[in-house]
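The values are calculated or read from the model by the stated rules, or taken from the named source; none is laboratory data. Quick caveat, the model's predicted, so the values are computed rather than measured. Counting neighbours? That spans all protein chains shown, and the Cβs are built from the backbone with ideal geometry, glycine included. Ligands, DNA and RNA are excluded from the accessible area calculation, which covers all protein heavy atoms including side chains. Shrake-Rupley method; radii C 1.70, N 1.55, O 1.52, S 1.80 Å.
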Amino acid sequence: MPVVMFGHTDKNILLQHGITELLQLAQRRGGQLHKLLSGTHIFEPDLHKPLSRCNHRDWLSLISRCQQLHSPELPFVLANSILNNRTIALCQSLFVCANLAGSLRQLLYFRHQLLPVIYPIVQQHGDTLTLQLKPAISLGTQQHFVVTLAIAFIIQLIKQQLGTCHELKVQLTQDCPAFLAHFSGHWPCQLSFNQHVDAIHIPRSLWYQLFAGRDQQQLSQLTRSCYQLNKVLPNQRGVLEVLQRRIRRALPQLLSLDAAAGALGISGSSLKRLLQQHNTNFAALSDTVRRDTARLLLLQGQLSNRQLAIELGYSDEHNFRRAFKRWTGQVPSQFKNLPNPL
């Protein structure tokens with residue numbers, strides 16, 4: 001059965017789940033609504049309809065226009081506004097979970113209802129849970145904004161429920177911004193830029209601290225509402241997420257483009273054209289998956305370079321080492337010994 005995927009033109013973002021908040025914040029900063037919506041398929045009456053949706057191309061266009069207002073605090077304020085929106089069942093359910101572990105499980109399970117363009121790779125290293133965030137479709141120049149929004153949402157949840165976020169660690173691929181004070185002001189935790197990945201590290205000490213507002217009955221009611229919403233907003237995955245997960249599952253075998261296309265129920269040429277729309281190709285995706293998998297396996301520290309080469313489908317250790325240096329500028333042993341190398 002073909003996998004249901006979404007791309008830039010699919011309308012699976014609810015306007016009431018972040019778009020209206022973004023526009024309201026932009027207007028408070030001098031943006032004019034008709035100019036913000038100009039050229040999109042979103043009309044002002046749509047903003048007041050509970051189940052109105054827009055596609056990702058229009059959403060990314062709105063973000064781009066709002067960024068032109070020179071409001072670097074926008075993703076942080078938007079994350080807080082969405083989290084505390086009392087009309088979003090998913091957001092309300094996060095506050096009545098028993099603890100952070102349950103809240104994050106709830107968020108990740110229903111994430112398509114809030115931010116389907118980002119998907120997590122979840123990894124546990126000792127007493128730390130790492131959420132590495134990757135684009136599910138091509139986000140272009142708006143990727144840093146979207147990633148910041150996603151991480152800000154999680155940090156704000158932790159701050160509101162546990163009263164602190166000092167123990168968190170955040171890594172971002174973007175360059176250190178000129179408006180660093182906005183990051184440090186909203187995220188009083190260890191923060192580093194120019195990293196290999198976008199990730200947030202959450203220590204085990206925070207996972208099971210009880211939430212003051214935990215309420216199992218209310219959680220059940222709100223979860224039912226989330227399932228009801230799934231009937232009009234099905235759980236779809238982005239093109240890049242679907243393909244990268246399939247490539248990962250196939251390792252150490254190298255999934256071919258034709259095999260991937262067949263699994264998706266399309267032709268190889270159709271898959272090539274689809275990936276061109278996301279500014280990538282199948283070889284680049286495969287390379288990215290092997291790179292990310294190598295990093296995660298290295299952090300576990302249980303495999304030799306020879307075993308890693310076999311696990312990733314390389315013919316020998318030398319080819320793996322050469323590929324790893326191309327990816328990171330370091331040999332595997334150097335990367336493994338770096339502090340917080342994720």
Expressed as an acute angle from 0 to 90° and rounded to the nearest 10, what is the orientation of the C-alpha long axis of helix 216-230 relative to the principal long axis of the chain? 80 degrees
In the chain, once you exclude exposed GluC sites (Glu not before Pro) (DSSP loop, at most 16 other Cβ within 10 angstrom), what's the longest stretch remaining? 168-342
Options [x] 31, 59, 10, 0; [y] 28, 59, 13, 0; [z] 30, 48, 13, 6, 3, 0 - which one matches P(r) over Cα pairs in 20 Å bins from 0, in percent as calculated here: [y]
What FRET efficiency do you get for Arg273 and Asp127 if R0 is 51 Å and r is their Cβ-Cβ distance, rounded to the nearest 0.05? 0.65
Which longest uninterrupted range of the chain lacks any chymotrypsin sites (Phe, Trp or Tyr not before Pro) assigned by DSSP to a loop state (not H, G, I, E or B) and surrounded by at most 14 other Cβ atoms within 10 Å? 44-178
Please check: in the Gaussian network model of the chain (C-alpha springs, under 10 Å), which one of His196, His34, His56 has the largest mean-square fluctuation. His34
Using the alpha-carbon centroid of each, what span in Å lies between the stretch 135-177 and the stretch 68-110? 12 Å
If you fit an axis through the alpha-carbon atoms of helix 239-250 and take the longest principal axis of the Cα set of the chain, what angle between them do you get, 0 to 90°, nearest 10? 30 degrees
Order the following by accessible area, largest value first: Val117, Val122. Probe radius 1.4 Å; ligands, DNA and RNA are ignored. Val122, Val117
What's the extension gain from His48 to Tyr227 if we count 0.36 nm per residue and subtract their Cα-Cα distance? 62.2 nm
Where in the chain is the longest stretch that carries no trypsin sites (Lys or Arg not before Pro) classed as loop by DSSP and with at most 10 other Cβ atoms within 10 Å? 87-230
Classified through the alpha carbon gyration tensor (a ≥ b ≥ c as square roots of its eigenvalues; rounded if a/c is under 1.5, else prolate when a/b is larger than b/c, else oblate), the stretch 215-283 comes out prolate
If each of Gln24 and Ser205 carries a label point 7 Å out from its Cα toward its Cβ, how far apart are those two points in nm? 3.7 nm
Determine ³J(HN,Hα), in whole Hz, for all residues of the stretch 155-172 in sequence, where each value follows from phi through the Karplus function 6.51 cos²θ - 1.76 cosθ + 1.60 and θ = phi - 60°; x replaces Gly and Pro. 5, 5, 4, 5, 4, 5, 8, 10, x, 7, 9, 4, 7, 6, 10, 10, 10, 10
Net charge (Lys, Arg +1; Asp, Glu -1) of residues whose beta-carbon lies under 13 Å from that of Pro120, Pro120 excluded, is +2
Can you bin the stretch 242-342 into rounded, prolate or oblate? Criterion: square roots of the alpha carbon gyration tensor eigenvalues sorted a ≥ b ≥ c, rounded for a/c under 1.5, prolate for a/b above b/c, oblate for the rest. prolate
Under a crude label model (7 Å from the Cα following the beta-carbon direction), how far is Cys176 from Ile266 in nanometres? 4.1 nm
